[in-house]
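Asks: My questions all concern the structure below.
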Amino acid sequence: MKESKNDVILIPTDFSEVCQNAIEHGASIASVMKYRVVLLHVINKDTDKYLDDKNLSENVISEKLENIAAEASKKYDVQVEFLVKSGDLFENIKESSEKVGSKFIILGTHGKVGFQKITGSYVLKVIEVTNTPTIIVQKRQYTDGYKNIVFPITASTQDRQKVSWAIRIAKLFDATIHMIPKFESGKFYKNRIMSITKQIKDIFDEYGVRYIDKVSSPTEGNFAKQVVDYAVEHDAELIMTLVNKDKFFSSWDEKLIYNPSQIPVICINPVETKKTSWGTP
């Protein structure tokens with residue numbers, strides 16, 4: 001992948017433990033991708049309350065970010081910058097992502113001690129307001145890249161829009177893509193999934209991407225659980241999902257994002273097109 005000035009990973013932080021894990025995660029993959037990292041803290045009522053309670057000034061925020069940026073830069077040998085914004089959390093994440101031209105957002109979730117507690121619906125809202133692929137991480141640490149990526153396939157033709165990112169990430173990290181087509185008993189959807197899977201395989205073959213094809217089982221519980229169980233069994237470092245804009249954040253999305261094994265999940269918003277695009281590199 002050709003490097004550009006906008007090869008940036010944006011990482012919002014509320015200084016919680018899990019947001020620090022997101023920074024470690026982002027800086028680690030940035031070192032492989034040759035990207036810059038931009039940290040972001042948004043000063044809002046949560047931050048103001050924290051500062052008032054601790055009798056601290058806003059300068060503390062900049063000092064904390066500066067120290068965190070310096071440590072991550074030294075540890076991972078990457079360029080790390082930071083931004084401090086004021087106002088609405090979600091709008092500032094969106095605007096900052098657009099301003100720096102971020103290719104990824106990495107978001108820590110389930111933080112319990114941060115200023116803003118970017119958890120639950122906050123995470124879903126961040127993904128909703130941006131069109132930037134967002135990697136959701138929890139407390140479990142991953143700092144060695146992605147070697148096994150789980151790629152569920154449903155009957156939605158929009159699933160093919162994950163292909164571009166799957167190829168890019170797989171090539172960067174020399175990863176194996178684990179394709180899991182959803183089992184369908186009905187003839188129409190079964191044939192549709194078979195057709196989509198065949199087309200995705202052809203694209204992976206064209207770009208020299210390693211893959212494994214594992215059809216889900218009709219007897220092993222719901223599909224989301226099967227995907228997570230498979231990811232655990234095969235030591236996957238990343239699960240790819242395409243968020244459903246028509247029915248935003250179904251139980252399927254949430255089960256993947258908040259999986260109990262804390263495997264990072266990359267959420268990709270589908271691009272509105274008149275004709276389904278593969279979006280290949």
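Asks: Looking at residue 83, is it crowded, with 20+ Cβ neighbours inside 10 Å, in contact with a strand residue (DSSP E or B) (Cβ under 7 Å, 6 or more places away or on another chain), at pLDDT 80 or above and not small (Gly, Ala, Ser)? Give the derivation first.
Replies: Working: crowded, with 20+ Cβ neighbours inside 10 Å: no; in contact with a strand residue (DSSP E or B) (Cβ under 7 Å, 6 or more places away or on another chain): yes; at pLDDT 80 or above: yes; not small (Gly, Ala, Ser): yes.
Answer is no for this residue.
Asks: With respect to residue 175, determine if the residue is more than 23 Å from residue 7 (Cβ to Cβ), of a type in the set (Gly, Ala, Ser) and touching a strand residue (DSSP E or B) at 6+ places or on another chain (Cβ under 9 Å).
Replies: Working: more than 23 Å from residue 7 (Cβ to Cβ): no; of a type in the set (Gly, Ala, Ser): yes; touching a strand residue (DSSP E or B) at 6+ places or on another chain (Cβ under 9 Å): yes.
It is false that residue 175 is more than 23 Å from residue 7 (Cβ to Cβ), of a type in the set (Gly, Ala, Ser) and touching a strand residue (DSSP E or B) at 6+ places or on another chain (Cβ under 9 Å).
Asks: Turning to a different aspect of this structure: Using the structure shown, decide if residue 136 is in a strand (DSSP E or B), at pLDDT 85 or above and closer than 24 Å to residue 43 by Cβ.
Replies: Numbers: in a strand (DSSP E or B): yes; at pLDDT 85 or above: yes; closer than 24 Å to residue 43 by Cβ: yes.
Spelling it out, residue 136 is indeed in a strand (DSSP E or B), at pLDDT 85 or above and closer than 24 Å to residue 43 by Cβ.
Asks: Sticking with this one: Give the residues of the range 154-178 that are touching a Ser or Thr at 6+ places or on another chain (Cβ under 7 Å) and among the small types (Gly, Ala, Ser), sorted by residue number.
Replies: 164
Asks: Turning to a different aspect of this structure: Say we look at the range 238-265 and pick out the residues that are assigned to a loop (DSSP other than H, G, I, E, B) and buried (at least 20 other Cβ atoms within 10 Å of the Cβ); which of these is modelled with the lowest pLDDT? Break it down into steps so the answer makes sense when it comes.
Replies: Step one: of the range 238-265, the residues assigned to a loop (DSSP other than H, G, I, E, B) are 243-250, 258-264.
So of that shortlist, the ones also buried (at least 20 other Cβ atoms within 10 Å of the Cβ) come out as 243, 259, 263-264.
On the way: 243: 76, 259: 88, 263: 94, 264: 94.
Per the stated criteria, the residue is 243.
Asks: Sort out which residues of the range 144-160 are under 16 Å from residue 104 (Cα atoms) and either hydroxyl-bearing (Ser, Thr, Tyr) or buried (at least 20 other Cβ atoms within 10 Å of the Cβ) (or both), and write them in order of number.
Replies: Filtering the range 144-160 for residues under 16 Å from residue 104 (Cα atoms) gives 145-146.
Once the filter is applied, which keeps residues that are under 16 Å from residue 104 (Cα atoms) and either hydroxyl-bearing (Ser, Thr, Tyr) or buried (at least 20 other Cβ atoms within 10 Å of the Cβ) (or both), the range 144-160 yields only 146.
Asks: How about the range 184-229: which of its residues are crowded, with 16+ Cβ neighbours inside 10 Å, over 24 Å from the mean Cα position of the chain (by Cα) and closer than 19 Å to residue 162 by Cα?
Replies: 192, 193 - these are the residues of the range 184-229 that are crowded, with 16+ Cβ neighbours inside 10 Å, over 24 Å from the mean Cα position of the chain (by Cα) and closer than 19 Å to residue 162 by Cα.
Asks: Does residue 31 satisfy being surrounded by 16 or more Cβ atoms within 10 Å (Cβ to Cβ), more than 20 Å from residue 130 (Cβ to Cβ) and either among the polar types (S, T, N, Q) or within 16 Å of the chain's Cα centre (by Cα) (or both)?
Replies: Details: surrounded by 16 or more Cβ atoms within 10 Å (Cβ to Cβ): yes; more than 20 Å from residue 130 (Cβ to Cβ): yes; either among the polar types (S, T, N, Q) or within 16 Å of the chain's Cα centre (by Cα) (or both): yes.
When the stated conditions are applied, residue 31 passes them.
Asks: Yes or no: residue 101 at pLDDT below 95, more than 30 Å from residue 164 (Cβ to Cβ) and of a type in the set (Gly, Ala, Ser)?
Replies: When the stated conditions are applied, residue 101 does not pass them.
Asks: I'd like to verify a number: residues in the range 95-111 that are on the phi < 0 side of the Ramachandran plot and either surrounded by fewer than 19 Cβ atoms within 10 Å (Cβ to Cβ) or in a loop (DSSP other than H, G, I, E, B) (or both), how many?
Replies: 8
Asks: Out of 180, 167, 106, which single residue is modelled with pLDDT of 80 or more, farther than 24 Å from residue 24 by Cα and among the β-branched types (Val, Ile, Thr)? Please lay out each step first, then the result.
Replies: Values: 167 fails: farther than 24 Å from residue 24 by Cα; 106 fails: farther than 24 Å from residue 24 by Cα.
The match here is 180.
Asks: Quick one: which helices (runs of 4 or more DSSP H) sit completely within the range 1-93 and have at least 3 residues that are among the acidic types (Asp, Glu) and farther than 18 Å from residue 126 by Cβ?
Replies: 45-54, 59-76
The rows are residues; the columns are (1) small (Gly, Ala, Ser); (2) in the same structural domain as residue 262 (by TED's automatic domain parsing); (3) modelled with pLDDT of 90 or more.
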| residue | (1), (2), (3) |
| --- | --- |
| 2 | no, no, no |
| 22 | yes, no, yes |
| 27 | yes, no, yes |
| 37 | no, no, yes |
| 52 | no, no, no |
| 57 | yes, no, no |
| 69 | yes, no, yes |
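Asks: Among the residues in the range 142-156, are any outside any loop (DSSP other than H, G, I, E, B) and farther than 18 Å from residue 254 by Cα? First the steps, then the outcome.
Replies: Here is the first cut: in the range 142-156, the ones outside any loop (DSSP other than H, G, I, E, B) are 148-153.
Checking the rest, the ones that are also farther than 18 Å from residue 254 by Cα come to 148-149.
Yes, the range 142-156 has at least one match.
Asks: So is residue 118 within 20 Å of residue 138 (Cα to Cα), surrounded by 21 or more Cβ atoms within 10 Å (Cβ to Cβ), at pLDDT below 90 and hydrophobic (A, V, I, L, M, F, W, C) or not? Full working, then the answer.
Replies: On the way: within 20 Å of residue 138 (Cα to Cα): yes; surrounded by 21 or more Cβ atoms within 10 Å (Cβ to Cβ): yes; at pLDDT below 90: yes; hydrophobic (A, V, I, L, M, F, W, C): yes.
When the stated conditions are applied, residue 118 passes them.
The values are calculated or read from the model by the stated rules, or taken from the named source; none is laboratory data. This is a predicted model, so every value here is computed, not measured. Neighbour counts run over all protein chains shown; Cβ positions are idealised from the backbone, glycine included.
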